[in-house]
Amino acid sequence: MDRALLADFLRARRKALQPEDVGLPRGSRRRTGGLRREEVAALAGMSADYYSRMEQQRGPVPSEQMLAALARALHLNLSERDHLFGLGGHPAPRRILRDDHISPTMMRIMDRLSDTPALVMSRFNETLLQTRPAVALLGDYTRFSGLSRYLVYRWFTDPETRELYAPEDHSLRGRVFTVDLRAAYTADPEGRAGEIVSALLEISPEFAAVWELHEVGVGHHHDLKRYRHPVLGELELYCQPLLDPEQSQELLVFTATPGTPSHEKLQLLNTMGPRPLSR
């Protein structure tokens with residue numbers, strides 16, 4: 001436990017919050033910004049004396065429950081919460097991510113990309129949200145249920161998924177999707193990724209062969225890729241990822257080099273409906 005740094009951190013986060021941020025009235029007698037010590041203590045469900053002693057570097061080692069309560073009271077994000085636990089002498093709690101939750105910031109970015117092919121994907125390559133041009137380019141990826149929600153599962157079980165790419169690119173795409181799944185599996189082998197891996201190993205010899213390679217460094221989203229559209233033909237596109245580390249989600253934005261035929265076709269997606277299904 002680092003008493004001095006813990007005290008400094010608590011003080012800084014308390015002063016950074018305004019009463020309105022935590023649902024408290026400001027009142028006419030408040031002269032300075034930030035929360036009072038007794039307000040933080042009340043929000044965390046502890047005595048004002050206990051909290052004050054932590055800020056004065058003379059309190060006991062706080063329990064994990066106390067630190068978790070302070071993290072909630074001070075509205076800490078996951079990185080700040082982990083830092084608080086470290087200063088308090090405890091390992092950070094395991095992060096439990098809501099795979100279906102898109103942050104407000106990511107939603108605002110997506111709103112600004114309404115005329116651009118873009119989508120938000122979970123760490124398991126499940127599409128959570130698409131812009132209309134992305135649906136025109138790729139199809140509605142959010143319509144699937146069960147294990148088919150995950151792109152890597154569809155790739156090895158549904159031939160229609162591969163029609164988006166040129167046949168000569170299929171091997172590389174399958175390896176890339178498997179690398180993504182391996183990263184999620186390594187972080188949490190008993191969770192969702194483990195379920196996907198087990199299912200694919202049972203039904204797809206092709207996946208089993210790729211999985212056995214133990215690859216971790218294969219070309220990724222930002223590489224130039226060729227997409228095949230039933231109306232527009234082939235498009236050469238770059239896919240730029242923007243990572244949300246708090247949710248382990250990626251925003252993928254599709255672009256083309258200006259002045260190329262692919263760039264002109266990309267503009268046409270704004271006037272088109274969803275990509276037609278082959279069946």
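Taking the chain as a Gaussian network, where each spring joins two C-alpha atoms under 10 Å apart, which residue of Arg72, Arg26, Arg108 fluctuates the most? Among Arg72, Arg26, Arg108, the largest GNM mean-square fluctuation belongs to Arg26. With a Förster radius of 22 Å applied to the C-beta separation of Glu163 and Ser198, the computed FRET efficiency comes to 0.25. The three principal axes of the C-alpha atoms in the stretch 148-265 carry coordinate ranges of 47, 33, 24 Å, sorted with the longest axis first.
Its alpha carbons considered, the stretch 52-97 gives a radius of gyration followed by a Dmax of 10.5, 35 Å.
With only Cα atoms counted, the stretch 143-190 has Rg and Dmax values of 11.7, 34 Å.
For the stretch 32-130, the extents of the C-alpha atoms along the principal axes are 56, 34, 18 Å, listed from largest to smallest.
Maximal additional length on extending the Met272-Phe144 stretch stands at 43.9 nm, based on 0.36 nm per residue less the C-alpha distance. Within the stretch 3-87, the proportion of C-alpha pairs whose separation exceeds 18 Å stands at 36%.
Expressed as a whole percent, the proportion of Cα-Cα pairs in the stretch 62-215 lying more than 21 Å apart is 57%. Give me the base-10 log of I(q)/I(0) for the chain at each q in 0.12, 0.14 Å⁻¹, Debye formula, one uniform scatterer per Cα, rounded to two decimals. Values, matching the q order: -0.84, -0.98. Can you give the Kirkwood hydrodynamic radius of the stretch 174-233 from its Cα pairs, in Å with one decimal? After inverting the pairwise mean of 1/r, the radius is 12.9 Å.
Every number here is computed from the coordinates shown, using simple stated rules; none is lab data. Since we're looking at a predicted model, the values are computed, not measured. With ideal geometry, Cβ positions are generated from the backbone for all residues, glycine too; neighbour counts draw on all protein chains shown.
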